[in-house]
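I have placed the structure first, in the form of structure tokens, so that the comments after it can refer back to it.
Where a number appears in this text, it was derived from the coordinates with a stated rule and is not lab data. Keep in mind it's a predicted model, so treat the numbers as computed, not measured. Glycine gets a Cβ as well: all are built from the backbone with ideal geometry, and neighbour counts include every protein chain shown.
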Amino acid sequence: MNASPELKHEEMLAIRIAVLRREHRDLDTAIEALTQAPAPDALMMQRLKRRKLALKDEIVRIEDQLIPDIIA
């Protein structure tokens, strides 16, 4: 059995997706907390939502690399 110390490319991408999803969930929590504040900071809210969207885009991009296109 060949136990390579290096992770395969697919394994690295899967780990990256897990990290991005965790950060995405953390942003959900931060956004929810900010909306509950008496005077929410609109600029901070916009930045958090923009970062959350960027994370989602990156997750989708990486998932596309892991799942090959199937031409029917």
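Hey, what number do you get for the chain at 222 nm if only DSSP H runs of n ≥ 4 count, each worth -39500 (n - 2.57), divided across all residues, to the nearest 500?
-26500 deg cm²/dmol
Convex hull of alpha carbon positions in the chain: directionally averaged projected area 7.7 nm².
With point charges of +1 on the Cβ of Lys and Arg and -1 on the Cβ of Asp and Glu, referenced to the Cα centre of the chain, which listed residue (M12, H24, I70) lies farthest in the positive direction of the dipole? Farthest towards the positive end: H24.
Here the chain is assigned +1 on the Cβ of each Lys and Arg and -1 on the Cβ of each Asp and Glu. Its dipole about the Cα centre then comes out at about 280 debye.
Here the Karplus curve 6.51 cos²θ - 1.76 cosθ + 1.60, taken at θ = phi - 60°, turns the phi angles of segment 38-53 into couplings of x, 10, x, 7, 4, 5, 5, 4, 4, 5, 5, 5, 5, 5, 4, 5 Hz, with x standing for Gly and Pro.
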